1. Where Lys and Arg each count +1 and Asp and Glu each count -1, what net charge lies around residue 315 among other residues with Cβ under 15 Å from its Cβ?
2. Set the bar at 24 Å for Cα to Cα. Now go through 100/154; 218/288; 288/373; 100/335; 335/373 and name every pair that lies beyond it.
3. At a Förster radius of 35 Å, what calculated FRET efficiency corresponds to the Cβ-Cβ distance of residue 246 and residue 90, to the nearest 0.05?
4. What does the net charge come to around residue 58 if you take all other residues with beta carbon closer than 11 Å to its beta carbon, with K and R at +1 and D and E at -1?
5. Tell me, what is the FRET efficiency for residue 371 and residue 108 to the nearest 0.05, using R0 = 35 angstrom and their Cβ-Cβ distance as r?
6. Quick one: check the C-alpha center-to-center distance for region 276-300 versus region 119-147, whole angstrom.
7. Among 357-366, 104-113, 46-55, what's the highest-first ranking by average C-beta atoms within 10 angstrom per residue?
8. Could you put 13, 68 in order of accessible surface area, largest first, with the 1.4 Å probe and the full protein assembly present?
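The values are calculated or read from the model by the stated rules, or taken from the named source; none is laboratory data. If you're wondering where the values come from, they're calculated on a predicted model, not measured in any experiment. Positions of Cβ are backbone-derived with ideal geometry, glycine not excepted, and every protein chain shown enters the neighbour counts. Areas reflect the complete protein model, heavy atoms only, side chains present, ligands, DNA and RNA absent. Shrake-Rupley method; radii C 1.70, N 1.55, O 1.52, S 1.80 Å.
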Amino acid sequence: GTMAAAVLAILGMALLLLSFIRRRQERLNQLVRSNRQLNEAQRIGAMGDWDYYPATDELHWSENLRRMYGRKDSEAVSGLSEVGRYTRDAASSRIVQELKGVLETGERTSWEIEVVLGSGEQSSRRIIATPIFDEHGAIVGIHGTDHDITNETKVRILENRLHELARLDSMRALAATFAHELNQPLGAAANYLGAATRLLGKPVDLNPRVHKYLESAKDQIEHMGQIVGGARELVNHSGSNSQEAAVTEVIDGVIMLLRGTEGTRQATYQTEVAPGAESIRANVAQLKQILFNLSRNAIEAVPANRIPSVRYSVCVDSEGVSQFEVADNGSGFPKTNDDPFATLSTTKESGLGLGLSLARTIVEAHGGRIWIKSSGPEGSILAFTLQSSDAIER
């Protein structure tokens with residue numbers, strides 16, 4: 001009886017053990033299937049996950065994350081500094097700061113960065129990081145995901161470009177209307193000023209400043225007519241009305257226009273023209289419009305406790321491409337992700353967001369490009385290039 005009871009007990013224990021082993025195997029198989037499905041879902045969604053433990057400086061890369069970055073299976077664990085292989089210095093510093101914030105605050109965070117994968121391909125990523133707590137509620141690590149959003153970023157850029165093109169179409173229609181309607185009044189005003197000057201007689205008969213102001217007004221009206229004509233050319237995509245001009249005369253004309261424009265603060269101006277860049281063949285009216293827009297923005301960017309200062313620099317490379325720079329002593333551009341050259345994009349309360357956009361349109365029509373060379377609390381430098389009209393026609 002004792003032996004029978006012992007055998008039954010052993011059989012019962014064996015059955016329990018077999019049942020436990022079977023359930024554990026089922027859970028293990030389920031876990032393997034879930035892990036396989038997770039990896040497949042991450043592969044389809046172009047996503048990987050990672051864990052970072054600051055105590056040991058261990059960064060654990062998931063299988064799909066290793067695959068996306070071109071890492072070997074033996075590189076599943078690394079130090080945090082390893083991310084420097086795939087990012088620039090600024091992005092690496094951003095990652096360190098974001099992880100530090102998660103460890104200090106215990107809050108979930110996300111950010112976007114640009115990386116270079118192991119294949120050399122550039123990729124946009126969205127990183128999400130959340131803290132890992134132990135049984136006592138202390139933060140022991142960070143768990144995160146790394147999502148490839150390159151296509152999403154491209155779509156976003158294309159959508160913004162489409163919106164900008166739609167706004168540009170509206171502005172072109174408006175510009176065409178203004179150009180058509182203003183052409184005749186400007187011509188009539190110039191004729192009336194010329195007739196008034198002749199009726200007043202010679203300068204010696206009156207105060208010489210009267211004739212000077214009349215001639216200056218006539219010159220400004222003619223300049224306005226050139227701007228209107230240039231706007232019509234941009235709208236109609238017709239050839240540029242180019243001419244040979246001295247760079248210093250063009251800049252002096254812009255400075256005179258700035259000083260005579262109501263509402264423009266008085267500023268100091270400086271011009272530096274490198275050897276070989278003394279003359280340029282371009283649409284002078286449009287070139288003046290670019291410099292005027294950039295200069296007006298530069299002056300308005302200077303705080304009230306400073307005297308505005310604008311410096312023009314011009315040089316030319318071996319291929320005949322002229323580079324202009326407009327430097328100021330303002331407070332710099334705000335740090336945002338918005339394109340400052342986009343149509344209707346402005347940081348000024350009374351601004352329309354057309355100055356920089358129009359400047360870029362004219363520059364690109366001349367086969368050049370425009371960019372912010374530098375910007376800071378002590379001033380900014382905007383630069384643009386212009387190919388000579390002869391080069392564009394060729």
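1. Around residue 315, the surrounding residues sum to -3.
2. Details: 100/154 30 Å; 218/288 17 Å; 288/373 20 Å; 100/335 22 Å; 335/373 14 Å.
The answer is 100/154.
3. Details: r = 42 Å, r/R0 = 1.20.
For residue 246 and residue 90, the calculated efficiency is 0.25.
4. On the way: positive: none; negative: 51, 57, 82.
Charge balance near residue 58 sits at -3.
5. 0.45
6. Centre-to-centre (Cα) distance: 49 Å.
7. Numbers: 357-366: 20.6, 104-113: 13.3, 46-55: 17.1.
Peptide ranking by packing, descending: 357-366, 46-55, 104-113.
8. Details: 13 125, 68 40 Å².
Highest to lowest solvent-accessible surface, that is 13, 68.
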